[in-house]
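Enquirer: Pasting a structure here, questions to come.
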Amino acid sequence: QLQLVESGGGLVQPGGSLRLSCEASGFTLDYYPIGWFRQAPGKAREGVSCISSSGNNTRYADSVKGRFTISRDNAKNTVYLEMNSLKPEDTAIYYCAADPSMFRACNGNLEVWGQGTLVTVSS
């Protein structure tokens with residue numbers, strides 16, 4: 001019953017913003033670092049951002065640094081990814097994932113994955 005559900009994806013013009021949400025059910029997110037990943041058509045999955053269980057430590061891929069912000073509200077069992085100044089290159093399916101290891105949350109091979117939400121950046 002462990003599950004993560006992403007939401008908030010959609011179509012946005014270049015330069016626009018979206019806020020993605022990742023809500024957990026069946027377990028409490030308090031103890032889990034969370035990673036955001038994305039996969040564009042024909043490309044490999046790549047890490048976008050990750051956050052420690054407390055929210056005190058965050059990391060970002062160079063491609064999104066300064067534009068995206070990861071945050072969490074453990075009381076709501078939810079992690080967010082605020083995406084600003086979106087570019088067509090950001091078009092991808094975005095996944096959140098949870099793992100007890102901060103290293104895996106930032107690098108992949110996580111235990112629990114969501115099904116993804118599609119973000120399309122196009123004029």
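The values are calculated or read from the model by the stated rules, or taken from the named source; none is laboratory data. Keep in mind it's a predicted model, so treat the numbers as computed, not measured. Here Cβ is always computed from backbone atoms with ideal geometry, including for glycine, and neighbour counts include all displayed protein chains. Calculation scope for accessible area: heavy atoms of the full protein, side chains included, ligands and nucleic acids excluded. Shrake-Rupley method; radii C 1.70, N 1.55, O 1.52, S 1.80 Å.
Enquirer: For region 66-89: of the residues being crowded, with 16+ Cβ neighbours inside 10 Å and in contact (Cβ under 8 Å) with a residue 60 or more places away in the chain, which is nearest to Ser49 (Cα to Cα)?
Expert: Leu81
Enquirer: From Ala24, Ala40, Ala92, which residue is in contact (Cβ under 8 Å) with a residue 12 or more places away in the chain, surrounded by 13 or more Cβ atoms within 10 Å (Cβ to Cβ) and over 15 Å from Gln115 (Cβ atoms)? Even if it seems obvious, please write down each step before you answer.
Expert: Working: Ala24 fails: over 15 Å from Gln115 (Cβ atoms); Ala92 fails: over 15 Å from Gln115 (Cβ atoms).
Checking each option against the conditions leaves just Ala40.
Enquirer: Return the residues of region 96-123 that are assigned to a loop (DSSP other than H, G, I, E, B) and either over 11 Å from the mean Cα position of the chain (by Cα) or farther than 18 Å from Tyr80 by Cα (or both); say none if nothing qualifies.
Expert: Filtering region 96-123 down to residues assigned to a loop (DSSP other than H, G, I, E, B) leaves 99-101, 108-111, 114-116, 122-123.
Within region 96-123, Asp99, Pro100, Ser101, Gly108, Asn109, Leu110, Glu111, Gln115, Ser122, Ser123 qualify.
Enquirer: Please specify each residue of region 90-113 satisfying the condition of being in contact with a helix residue (DSSP H, G or I) (Cβ under 6 Å, 6 or more places away or on another chain) and farther than 16 Å from Gly55 by Cα. Give the steps one after another, and end with the answer.
Expert: Step one: filter region 90-113 for residues in contact with a helix residue (DSSP H, G or I) (Cβ under 6 Å, 6 or more places away or on another chain), giving 99, 110.
The answer is Leu110, and nothing else.
Enquirer: Limited to region 95-123, what total is found for residues that are over 17 Å from Cys22 (Cα atoms) and open to solvent by 60 Å² or more (accessible area, probe 1.4 Å)?
Expert: Result for region 95-123: 5.
Enquirer: Return the residues of region 72-95 that are part of a strand (DSSP E or B) and closer than 13 Å to Gly8 by Cβ; say none if nothing qualifies. Can you show your working first?
Expert: First pass over region 72-95, keeping only residues part of a strand (DSSP E or B): 72-73, 78-83, 92-95.
Scanning region 72-95 gives Thr78, Val79, Tyr80, Leu81, Glu82, Met83, Ile93, Tyr94, Tyr95.
Enquirer: Need the failing condition index for Gly116 against (1) small (Gly, Ala, Ser); (2) closer than 15 Å to Val5 by Cα; (3) in contact with a helix residue (DSSP H, G or I) (Cβ under 9 Å, 6 or more places away or on another chain), just the number.
Expert: The single condition Gly116 does not satisfy is (3).
Enquirer: Same structure again: Going by what's in this entry, would Ser52 be described as of a type in the set (S, T, N, Q), open to solvent by less than 40 Å² (accessible area, probe 1.4 Å) and free of Cβ contacts under 8 Å to residues at least 60 places away in the same chain?
Expert: Here the answer is yes, as Ser52 does meet what is asked.
Enquirer: Counting only residues that are over 14 Å from Ile93 (Cβ atoms) and of a type outside the set (Ser, Thr, Tyr), which one in region 27-37 is surrounded by the fewest Cβ atoms within 10 Å (Cβ to Cβ)?
Expert: Filtering region 27-37 for residues over 14 Å from Ile93 (Cβ atoms) gives 27-35.
Now drop any that are not of a type outside the set (Ser, Thr, Tyr), which leaves 27, 29-30, 33-35.
Values: Phe27: 15, Leu29: 22, Asp30: 12, Pro33: 25, Ile34: 29, Gly35: 28.
Among those residues, the one meeting the criterion is Asp30.
Enquirer: Got a number for residues in region 8-21 being open to solvent by 60 Å² or more (accessible area, probe 1.4 Å) and part of a strand (DSSP E or B)?
Expert: Qualifying residue count, region 8-21: 2.
Enquirer: Moving on to the next point. Only one of (1) part of a strand (DSSP E or B); (2) open to solvent by less than 30 Å² (accessible area, probe 1.4 Å); (3) modelled with pLDDT of 95 or more is not met by Val5, so which one is it?
Expert: (2)
Enquirer: So Arg59 ticks every box in (1) at pLDDT 95 or above; (2) of a type outside the set (S, T, N, Q); (3) under 27 Å from Gln1 (Cα atoms) but one. Which box is left unticked?
Expert: Arg59 satisfies all of (1) at pLDDT 95 or above; (2) of a type outside the set (S, T, N, Q); (3) under 27 Å from Gln1 (Cα atoms) except (3).
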